[in-house]
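To start, the structure under review is shown below, and the notes come after it.
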Amino acid sequence: MTNKKWPNDYPSGMVLPPDSAEEINAQLYRFVGKVNPDAADFLASYKDPKQKNLANRPAIKKKPSFYATSFFDTEDSIQTKLAESPERFSDQFIACGNVTPEHGKGESSEHSHHVSVWFYDGVYPEGFKVV
């Protein structure tokens, strides 16, 4: 049985995940740091040591997506992101896998193919494979 509790370290005063987030059942793409991704590859931005510097920017801290994990809905869209900033992702791999309702809730951005996913506490998608 999946833990359906949200992390207890979300900031007070914010509705997280936002009311617009929905359960999703989709194949998604993500940048990961290892050939065999594990829980550390699916951290939300606010928990990711590589992105902690973003917490110093008040505008970023106010965005619900800062408390989510970033994905893309197509391989083309993540390849486009890689092409825009190859140096930023030079030490990462593109992985593909399924995110389902048992993992949490998500919200898509139609214009960018970006998907923000808020995972239940202690839950992450297993089975992602590097493409």
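FYI, it's all coordinate maths here, none of it is from the lab. All values derive from a computational prediction rather than experimental measurement. Don't worry about glycine lacking a Cβ; one is built from the backbone with ideal geometry, like all the others, and counts go over all protein chains shown.
Would a scan of segment 28-42 turn up a residue that is of a type in the set (Asp, Glu) and assigned to a helix (DSSP H, G or I)?
Checking segment 28-42: at least one residue is of a type in the set (Asp, Glu) and assigned to a helix (DSSP H, G or I).
Considering segment 105-123 alone, what residues qualify as being buried (at least 20 other Cβ atoms within 10 Å of the Cβ) and either part of a loop (DSSP other than H, G, I, E, B) or within 10 Å of the chain's Cα centre (by Cα) (or both)?
Matches in segment 105-123: Gly106, Val115, Ser116, Val117, Trp118, Phe119.
Somewhere in segment 32-40, is a residue farther than 23 Å from Asn8 by Cβ, touching a helix residue (DSSP H, G or I) at 6+ places or on another chain (Cβ under 8 Å) and basic (Lys, Arg)?
Yes, some residue in segment 32-40 is farther than 23 Å from Asn8 by Cβ, touching a helix residue (DSSP H, G or I) at 6+ places or on another chain (Cβ under 8 Å) and basic (Lys, Arg).
Test of understanding: among Ser20, Ser12, Ser90, which residue is touching a residue at least 60 places away in the same chain (Cβ under 8 Å), surrounded by fewer than 18 Cβ atoms within 10 Å (Cβ to Cβ) and part of a loop (DSSP other than H, G, I, E, B)?
Every option except Ser20 fails the conditions.
Residues that are small (Gly, Ala, Ser), without any contact (Cβ under 8 Å) to a residue 12 or more places away in the chain, under 27 Å from Val131 (Cα atoms) and loosely packed, with under 14 Cβ neighbours inside 10 Å: does segment 26-42 have at least one?
yes
Which one is farthest from the chain's Cα centre (by Cα) among residues in segment 59-99 that are among the aromatic types (Phe, Trp, Tyr) and more than 18 Å from Pro125 (Cα to Cα)?
Selected residue: Phe89.
Could you check how many residues of segment 27-58 are touching a strand residue (DSSP E or B) at 6+ places or on another chain (Cβ under 6 Å) and closer than 21 Å to Thr80 by Cα?
Residues in segment 27-58 being touching a strand residue (DSSP E or B) at 6+ places or on another chain (Cβ under 6 Å) and closer than 21 Å to Thr80 by Cα: 8 in total.
So is Phe89 closer than 25 Å to Val131 by Cα and touching a Lys or Arg at 6+ places or on another chain (Cβ under 6 Å) or not?
Against the criterion (closer than 25 Å to Val131 by Cα and touching a Lys or Arg at 6+ places or on another chain (Cβ under 6 Å)), Phe89 does not qualify.
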